[in-house]
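Remarks on the structure that follows.
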Amino acid sequence: MKTICLYFQVHQPMRLKRYRFFNIGNDHYYYDDYLNESIMHKVANKCYLPANKLLLQLIKEYGTNFKVTFSISGIAMDQFRLYAPEVLDSFKKLAETGCVEFLAETYSHSLVAFKNDEEFRKQVELHTDRIKEFLNVEPKVFRGTELIYSDEIGAKVFDMGFPIVVTEGAKHIMGWKSSNFLYCNAINPKQKVLLRNYELSDDLAFRFSNQSWAEYPLTAEKYVGWISEALENGETANLFLDYETFGEHQSKESGIFDFLKHFPKEVLKKTSFKFATPSEIAEKLQPVSAVSVPHPISWADEERDLTAWLGNDLQEDAFNKLYSLTERIQKCEDKKILIDWKYLQSSDHFYYMSTKVFSDGEVHSYFNPFDSPYDAYINYMNILSDFIIRLNSAVPENQKDQELATLAAIIFDKNKQIEKYEAEILKLKKGPLKTTSSKATKKTVTTKPPSKTVAKKAPAKAKTSKTVQPKTATKKKTTAKKAAATKKAKTK
Amino acid sequence: MKVLMFGWEFPPHISGGLGTACYGLTKGLYTVGDVEILFVVPKAFGDEDHKIVRLIGANEISLGSSIRNYESFLRKISFIEIKSNILPYATPEEYEAAIDFARSEGKELVYTKMGQKFDFSGGYGANLFQEISNYAVVAGQIASQFDFDIIHAHDWLTYPAGMAAKAVSGKPLVVHVHATDFDRSGGSVNPGVYDIERRGMHAADKVITVSNLTKNIVINNYGIDPEKVTTVYNAVEPSKTIETLKAEKGINDKIVTFLGRVTLQKGPEYFIEAAYSVLQKMSNVRFVMAGSGELLTRMIHRVAALKIGDRVHFTGFLKGDQVQEMFDLSDVYVMPSVSEPFGISPLEAMQSNVPVIISRQSGVSEILQNAIKLDFWDIDAMADAIYGILNYPGLEKHFRQHGKEEVNNLKWDSAATHVKEIYQTLI
């Protein structure tokens, strides 16, 4: 059986506002609400809503014969909730048909896979949870941000419970091989790999409305003819696109919706091909061989590698700086900080810093709020500087951390001592023995002053930095309370 | 083909971009080959670089022109110097002031504000315009005595000379616009200067502008047919292969540099305001304003009023090696020009591996990629860019790697080839 896999990526980053260096330390809100909301409205009205409506119609018309697949980033879902909840509803309707598969990815549409395994796993889990929560389906197939994949990443996600991944059928990886088959991971052959047919996919994504293209205009009939040719010696045609292709990159006037409307009809009428989702394909087809991807690939630009995000010094610097915080983030429990951490990781921020803008301009400048990669870098680094200041106060750097911990321990000990003495005082007050009581008061007199200062210091510190690591903070609070209580007791 | 070129300044007496550009272009035309140049300049000093140019004998020329003969070297370019009091960059007001000063002091040598030296030994011109027309008379005489195919005049002071030469010889005229009075005056255009510029451009068969920015000014403000105007970007001499000893920094602070004439056109006040903004957040940084000009005292007052005098330094006009030294010490170079037809100095900074911030209102921003571009009035953006380069290592690293390479690819040879093509359309 031969299959066609239609898969669409849905993602919108949280775009950052213009953040100058004099905002550092003063302004802790980083996002351009107006821009994000207006882009979301625009894309929702031009693409997500009409396209979802059309897909729902098609599914109603063809039933289980028509299937599509989506990946929706966590950040996109957050923005749907904020700005266009009706889009989320329409995806939910699609999910309910059972003809739509949703893929797993990192919540933040991030490149964390190259930095920290634990953080990577966490982000994927978080994304899976969100998909379950909003759409009531469980993703079983993994796709890396912008189809980023390597043997190693594949093996990692297999261990996370994803036996199937999708990625780019990059020319330099495939060589003479065809992407129209199912492959398996070179490190872990149990994992199945679906590869994008970039020629057929890009015909729609980039060339569809190009009037100087020799094949213009592209009809569903012609396109299905090409698929038939491709599948003469192949088993699956994997068409992976940005969802924004429909109505946004290719305008409604270009006829892209009509194309989408007629495409399943044409396939089901004239061919024996079946629409299938990645997990169905992995079940039905046998992997023909292993595909070896020692160096990461993606679906971006001509090079199909990571250089769109990590190709110059600006990007490397920002990326490394961000992930140098991972360890402390793992200790952090401040919710606001953790939300910003999610949004700051989005690969788009690094994409805007690409100096390839000069050559691959058009794609890079799409939705790009910055005039130049330098602007993007400076802005991001300013925000990161503020973020680091906040993180520093929430999770002090090691030395300070230790100092605080030891101080807290001292307070704790002293408190215990005070309690002990208090108990003794009470005991002595009850008992009429004079000699021992005078001894006890002497003792309390000597211990009083330090306990007081400690008690005063602790709440003051807790106030100035809300900041202190939660555990120590709670400790301090309790010690402070206790100290206050003892004080009261004493004044009584 | 033979070109009669009315140019300016030759090394080592270069006071600004115009001289550098004339020299570079002439050298480029020589390298491209098949072009003979008769180079005419107002009174030179005698110790110019004669490798490229040769002074030829022309005793017939009056008005105190001095001519020498250099047989030894390259014969392609002939060099004529004319004793004249005109100098580039001077506004008529500046010129009057300079002459008055010379008269009252009884001195023969005067240093202008730009450090440009000029000679008053032969009688004073009544005013600058008189001097220009005197120069044009000489140009006419030269045109009648020499043989050439094309006339090329650089900037307004030589346009009348170019026109005179054209009238005498009937040969086609190319005027090269390095700046217009709209750039120099910041809007309050001198009608006399404008008139000469306009007549020169209209009389010309072709107008070469140094950027599209200037091209638009020429088309819109001087009413020149767009067909007649072509942009030829300036270039830069490749940096010397022998690395001279780098100047040692005596302090640990970062240095941010403004280098240029302190005039309205160059936007020095925006630099000071941005400096103030950066200094609110950073202490280990110093700002240097290198250059002099009519706004210098105002800038010093402003710095004092902002109470940042201990962090902003004024060096006055820098010459030759001092410029290189300044670049060596700099961590960021800023050119906030309000209106800069081209702007060669950022290229020199980039050759010294200094990251540059330039205004979008400069011609050079049309061709540079490895530079931060912003609007001259956007002080926040400027301060942010300065802070960014000083604090985030990615930018410095990126610019150090790619800036020099980009600049070294801007060659005078290609500019000269372009100019030669323009000549060919006229012959």
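So the values come out like this:
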quantity	calculated
Qualifying residue in region B:377-397 (condition: under 24 Å from B:Asp321 (Cβ atoms), more than 9 Å from chain A (Cβ to nearest Cβ), among the hydrophobic types (A, V, I, L, M, F, W, C) and touching a helix residue (DSSP H, G or I) at 6+ places or on another chain (Cβ under 6 Å))	no
Matching option when the condition is buried (at least 19 other Cβ atoms within 10 Å of the Cβ) and among the aliphatic types (A, V, I, L, M), among B:Val175, B:Val189, B:Val168	B:Val175
Flag if A:Phe158 is within 23 Å of the chain's Cα centre (by Cα), crowded, with 18+ Cβ neighbours inside 10 Å, assigned by TED's automatic domain parsing to the domain that holds A:Pro296 and assigned to a loop (DSSP other than H, G, I, E, B)	no
Single match in A:Glu105, A:Glu96, A:Glu86 (criterion: among the acidic types (Asp, Glu), without any contact (Cβ under 8 Å) to a residue 60 or more places away in the chain, in the same structural domain as A:Ile164 (by TED's automatic domain parsing) and surrounded by 23 or more Cβ atoms within 10 Å (Cβ to Cβ))	A:Glu105
Selection from region A:284-314 of residues that are farther than 26 Å from A:Ile187 by Cβ and within 14 Å of chain B (Cβ to nearest Cβ)	A:Asn312, A:Asp313, A:Leu314
Residue within region B:387-402 that is among the hydroxyl-bearing types (Ser, Thr, Tyr) and in contact (Cβ under 8 Å) with a residue 40 or more places away in the chain present	yes
Search result, residues across region B:123-153 that are in contact with a Gly (Cβ under 7 Å, 6 or more places away or on another chain) and modelled with pLDDT of 90 or more	B:Ile151, B:Ala153
Residue match in region B:261-279 (condition: at positive phi, at pLDDT 85 or above and either within 14 Å of chain A (Cβ to nearest Cβ) or touching a Gly at 6+ places or on another chain (Cβ under 8 Å) (or both))	no
Within region A:16-41, considering residues that are within 14 Å of chain B (Cβ to nearest Cβ) and polar (S, T, N, Q), the one farthest from B:Ala385 (Cα to Cα)	A:Asn26
In region A:20-46, the residues that are closer than 29 Å to A:His249 by Cα, over 20 Å from the mean Cα position of the chain (by Cα) and part of a loop (DSSP other than H, G, I, E, B)	none
Matching helices (runs of 4 or more DSSP H) fully within region B:290-401 where at least 2 residues are under 24 Å from A:Phe21 (Cα atoms) and either under 19 Å from the mean Cα position of the chain (by Cα) or β-branched (Val, Ile, Thr) (or both)	B:379-391
Conditions (1) on the phi > 0 side of the Ramachandran plot; (2) within 14 Å of chain B (Cβ to nearest Cβ); number of the one not met by A:Asp317	(1)
Meets criteria (modelled with pLDDT of 95 or more, closer than 20 Å to A:Asp386 by Cβ and more than 14 Å from chain B (Cβ to nearest Cβ)) for A:Leu344	yes
Restricting region A:360-418 to residues that are part of a helix (DSSP H, G or I) and aromatic (Phe, Trp, Tyr), the residue that is modelled with the lowest pLDDT	A:Phe412
Output for region A:347-359, where each listed residue is under 24 Å from A:Ala113 (Cα atoms) and modelled with pLDDT under 80	A:Lys356
Per-region count, region A:320-331, residues surrounded by fewer than 20 Cβ atoms within 10 Å (Cβ to Cβ) and within 14 Å of chain B (Cβ to nearest Cβ)	3
Output for region B:316-342, where each listed residue is among the polar types (S, T, N, Q) and at pLDDT below 90	B:Gln322, B:Gln324, B:Ser339
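Quick grid of which residues meet (1) surrounded by fewer than 20 Cβ atoms within 10 Å (Cβ to Cβ); (2) of a type in the set (Asp, Glu); (3) over 29 Å from the mean Cα position of the chain (by Cα):
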position	(1), (2), (3)
A:Glu221	yes, yes, yes
A:Thr245	no, no, no
A:Lys252	yes, no, yes
A:Glu266	yes, yes, yes
A:Phe273	yes, no, yes
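A quick yes/no check of all residues on (1) over 30 Å from B:Ile208 (Cβ atoms); (2) buried (at least 24 other Cβ atoms within 10 Å of the Cβ):
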| site | (1), (2) |
| --- | --- |
| B:Glu325 | yes, no |
| B:Met350 | no, yes |
| B:Val354 | no, yes |
| B:Gln361 | no, no |
| B:Leu390 | yes, no |
| B:Lys397 | yes, no |
| B:His402 | no, no |
| B:Asn409 | no, no |
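The values are calculated or read from the model by the stated rules, or taken from the named source; none is laboratory data. Predicted, not measured: the structure shown is a model, and the values here were computed from it. Because the Cβ atoms are built from the backbone with ideal geometry, glycine has one as well, and the counts that use them run over all protein chains shown.
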